[in-house]
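Each remark here refers to the structure printed beneath this line.
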Amino acid sequence: MVKLKIPEHQVAGHQAKNGILGPLIDDSGKFYKPLQDDERGSNELAFYTSLYSDPRIPTNILKFFPSFHGTQTVDASDGSGLHPHLVLEDIVSNYTNPAVVDIKIGSRTWHPQSSEDYIRKCLQKDRESSSIKLGFRISGLRSVGPTNQLWQPHKKFLMDLSVDDVMLVLRKFVSSDGNVDEPDCVFGSRVFVPILEELLELKKWFEVQTIFHFYSCSVLVVYEKDEKEDEKKSASAVVKLVDFAHVVDAKGAIDHNFLGGLCSLIKFVKDVLTGLSDVQTSNPKA
């Protein structure tokens, strides 16, 4: 039997603590996500099952999705016994000290075919958060500073960030210590330059793809804060798409909801990088 444990770097979604059903990981780089009992579970399983054999999806785009290793029935984290799980790539397994941010993309996190009750709940969250006004919301993030201090803002704080708040949070995300008021952005260029390239590559596909509409899907950004480990290619800054329980057939239409949110996020990343360039120009010795 594979020995499973709670992932310490999970920043959003149901966490496998205090008797709650949540994801688990093993020591071989696999992430075990509980398969939901309703159509959300069957939808996500169907998406992963067909993803890597779908000829309509370009090879360069597949790198943005976690690798899929089928399903496996293992002991559930809530103590309820055996439960089927999706077996996915543990995205942070190659990192020594990963910094992680989960960004839910789209001003609308529900699709029109959803139940009225589900739409009502999602609409309330979208209105109470930055989703509608910015096209995305930061669901969670986590990083550990040079003296092992954890920076993990509370989800309630992250729910309704202003434009200035998002800029500050993104700058703190690429700083040595997110807890300080004035972020140093020491990882800024090293992280956001390659991340911007990946987001632009993803945007190029979303500008033409009419296969799927990705509702309530997140962009996960991960980078290595251990500078010795960062030299390894396996631990470079990456973008991954996660959470596909609400992916629907696009029926030949562009996914403007996701594309709009992605463009908004790209604008914020560009603005952070522009701010770094301005600082370096005004203070060349920095």
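The values are calculated or read from the model by the stated rules, or taken from the named source; none is laboratory data. From a predicted model like this one, the values you see are computed outputs, not experimental measurements. Cβ sites come from the backbone with ideal geometry, for glycine too, and all protein chains shown count toward neighbours. Just the protein is used for accessible areas: all its heavy atoms, side chains included, with ligands, DNA and RNA removed. Shrake-Rupley method; radii C 1.70, N 1.55, O 1.52, S 1.80 Å.
In degrees from 0 to 90, rounded to the nearest 10, what is the angle of the helix 256-282 Cα long axis to the longest principal axis of the chain?
That helix lies at roughly 20 degrees to the long axis.
Which listed residue (VAL247, GLY260, PRO146) has the Cα farthest towards the positive end of the charge dipole for region 98-280, taking +1 on Lys and Arg C-beta and -1 on Asp and Glu C-beta about the Cα centre?
Toward the positive end, the furthest listed residue is VAL247.
For the chain, what does the accessible surface come to per residue with a 1.4 Å probe? Please give it in Å².
50 Å²
Which aspartates and glutamates, on any chain, are close to LYS225 with Cα under 14 Å apart, when same-chain ones fewer than 8 places away are left out?
ASP177, ASP184
Carbon and sulfur: what percent of region 98-280's accessible surface (1.4 Å probe)?
Answer for region 98-280: carbon and sulfur cover 52 percent of the accessible area.
Considering every Cα-Cα pair within the chain, what fraction, in whole percent, is farther apart than 25 Å?
48 percent
Given contacts defined as C-alpha pairs under 8 Å and at least six residues apart, what's the relative contact order of the chain, whole-number percent?
So the answer I get is 20 percent.
If you scale each eigenvalue of the Cα gyration tensor by 5 and take the root, what three semi-axes come out for region 4-89, rounded to whole angstrom and sorted largest first?
24, 15, 11
Quick one: net charge around ALA250, please, counting Lys, Arg +1 and Asp, Glu -1 for every other residue with C-beta under 15 Å from its C-beta.
That works out to -1.
Can you tell me how region 104-243 classifies by the Cα gyration tensor, rounded, prolate or oblate, using a/c under 1.5 as the rounded cut?
Oblate, because a/c is 1.5 or more while a/b does not exceed b/c.
If you look at just the Cα atoms of region 83-122, how large are its Rg and its Dmax in Å?
Reported Rg and Dmax, both Å: 16.1, 44.
About the Cα centre of region 98-280, what is the dipole size in debye to 20, counting +1 per Lys and Arg Cβ and -1 per Asp and Glu Cβ, all else neutral?
With Lys and Arg at +1 and Asp and Glu at -1, about 520 debye.
Quick check: at a probe of 1.4 Å, how many percent of the accessible area of region 4-89 sits on carbon and sulfur atoms?
It is 51 percent, rounded to a whole number.
Of ASP255, ASP271, ASP117, which has the most accessible area and how do the rest follow, probe 1.4 Å?
Result, largest first: ASP117, ASP271, ASP255.
When averaged across all projection directions, what area in nm² does the alpha-carbon convex hull of region 99-153 cover?
Seen from a random direction, the Cα hull of region 99-153 projects 4.5 nm² on average.
Around GLY261, under 13 Å between beta carbons, what's the net of Lys plus Arg minus Asp minus Glu among the other residues?
For residues surrounding GLY261, the net value is +4.
Which of the pairs LYS240/LYS267; LYS63/LYS121; LYS30/LYS156 have their Cα atoms more than 27 Å apart in this structure?
Correct reply: LYS63/LYS121; LYS30/LYS156.
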